[in-house]
Amino acid sequence: MAAAGAASCRSPLAWLFALAAALFFASWYLLLDSTAGPVAAARAYQGLRLGVSGGRRPGPGRKCDPARALLRVYMYDLPPEFHFGLLDWKPPGFGGGVWPDVRGTVPEYPGGLNLQHSIEYWLTLDLLASEQGAPTPCAAVRVRRHADADVVFVPFFASLSFNRHSRAVPPARDSEDRALQRRLLEFLAARPEWRRTGGRDHVVLAHHPNGMLDARYRLWPCVFVLCDFGRYPPSVANLDKDVIAPYRHVVANFANDTAGYDDRPTLLYFQGAIYRKDGGSIRQELYYLLKDEKDVHFSFGSVAGNGIEQATQGMRASKFCLNIAGDTPSSNRLFDSIVSHCVPVIISDEIELPFEDVLVYSKFSVIVRGADAVKKGFLMNLIRGIGREEWTLMWNRLKEVEKHFEYQYPSQTDDAVQMIWKTIARKVPSIRLKINRLRRFSRFETNKTDESPLHSSSWLQNQGP
């Protein structure tokens, strides 16, 4: 009994000793971890500031740390009519705020060709995720003070506004799209953030060629995110200050693609509108040159009916896909080609390509001058001269780079959303230079007059109903 009693006494003592030892070692681990933490954080911060891939994702409920972000973004709390309200979203209950909770189900964007210019939707979702604690790579993080921000984000879904509301509805004399542009300019003109910089640090998304059709001429100091410069004068938009973003592809990704050189019977593929105006007249010339060539598919097509399905099958069965200038220098066809792993043949002299400062397009596409392409025999000789080995290298490269052209939510490291943020971040030193030069003589300006183009009252008064 005594021995049993002693054992029973020793058991709690042993248990307490083990617990104390565990707490001792845990405290040392936490101490060491806290000592190493700033070094690890500094390394991660440095990597993100340089645009290195692989930023840390926050866990559920963890918000992104602005100190470790590549880009700090101040976003205006515009009323829903400018963004998710265009998707028929309404704030929940009374005083529900202007933004949806993106940690759950997010408002859906309309499908079809609407998707090709949907970039404002994806970027706004990612900024909200950075603040609300939803999954995101945290390359760009929303901050609440303009003084803490690298850029100011204007969350107007301009492409969707044009697609849905560009026609006037009687008895109104003007469209809701133009009315929204006018209200946006009035909003910005009243903001101290705009007045401090003249809008030079503001990021405006107008990816549809006709988006912001009126307001663009008053927003020229901003950083535009566009599909191309086809309908912009150089004084309003140019590669020096603005960003070219990819279209959102409309055909599905070619997952687990094993269809190599010998599995793609069509040599060269094009299906789309053939008779176009302006720079797109080259399509008609190429049609008459190529329509009777062996192993070439060159025909009219549209998204109507099963057009997208036909294009998907056609691209996946082709070695090369033509991407020819149309009414504008660019189209979503290039990005449909990329995700179909059909080597793009780009014939558009005025095109600007997304992320070309970090991507070498010649490694996964063939770029031809328009004047050369319309020479009899030139294009076919060029394409037939690319053999299996060279084509396979480009095909494999397409599978490597397609992630950079993918819009999705939640956003993933180095997808289209993150690539756009990184491109904007590379503009920040130039933006700061322009702002600092603007402030050179600010101490002598006793009677300050805002030089902003938004303060042209005659333009505001003459627009809309």
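The values are calculated or read from the model by the stated rules, or taken from the named source; none is laboratory data. Because the structure is a prediction, the values reported are computed rather than measured. Note that we place each Cβ from the backbone using ideal geometry, even for glycine, and neighbour counts take in every protein chain shown. The accessibility values were calculated without ligands, DNA or RNA, using every heavy atom of the protein model including side chains. Shrake-Rupley method; radii C 1.70, N 1.55, O 1.52, S 1.80 Å.
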Tell me yes or no: at least one residue of region 108-116 is in contact with a helix residue (DSSP H, G or I) (Cβ under 7 Å, 6 or more places away or on another chain), open to solvent by less than 10 Å² (accessible area, probe 1.4 Å) and not polar (S, T, N, Q). no
Of the numbered conditions (1) touching a strand residue (DSSP E or B) at 6+ places or on another chain (Cβ under 7 Å); (2) more than 16 Å from C342 (Cβ to Cβ); (3) of a type in the set (F, W, Y), Y288 satisfies every one except a single condition; which is it? (1)
Please determine, by comparing only the residues of region 121-149 that are open to solvent by 10 Å² or more (accessible area, probe 1.4 Å) and of a type in the set (D, E, K, R), which one is farthest from R196 (Cα to Cα). E131
How about region 377-434: which of its residues are within 17 Å of S337 (Cα to Cα) and of a type in the set (A, V, I, L, M, F, W, C)? I383, W391, L393, M394, W395, L398, V401, F405, A416
What do you reckon, is A190 surrounded by fewer than 22 Cβ atoms within 10 Å (Cβ to Cβ), at pLDDT 95 or above and among the hydrophobic types (A, V, I, L, M, F, W, C)? yes
Of all residues making up region 216-261, the number that are of a type outside the set (F, W, Y) and in contact (Cβ under 8 Å) with a residue 40 or more places away in the chain: 26
Name the helices (runs of 4 or more DSSP H) wholly within region 372-465 that hold at least 3 residues that are modelled with pLDDT of 95 or more, of a type in the set (S, T, N, Q) and open to solvent by 70 Å² or more (accessible area, probe 1.4 Å)? none
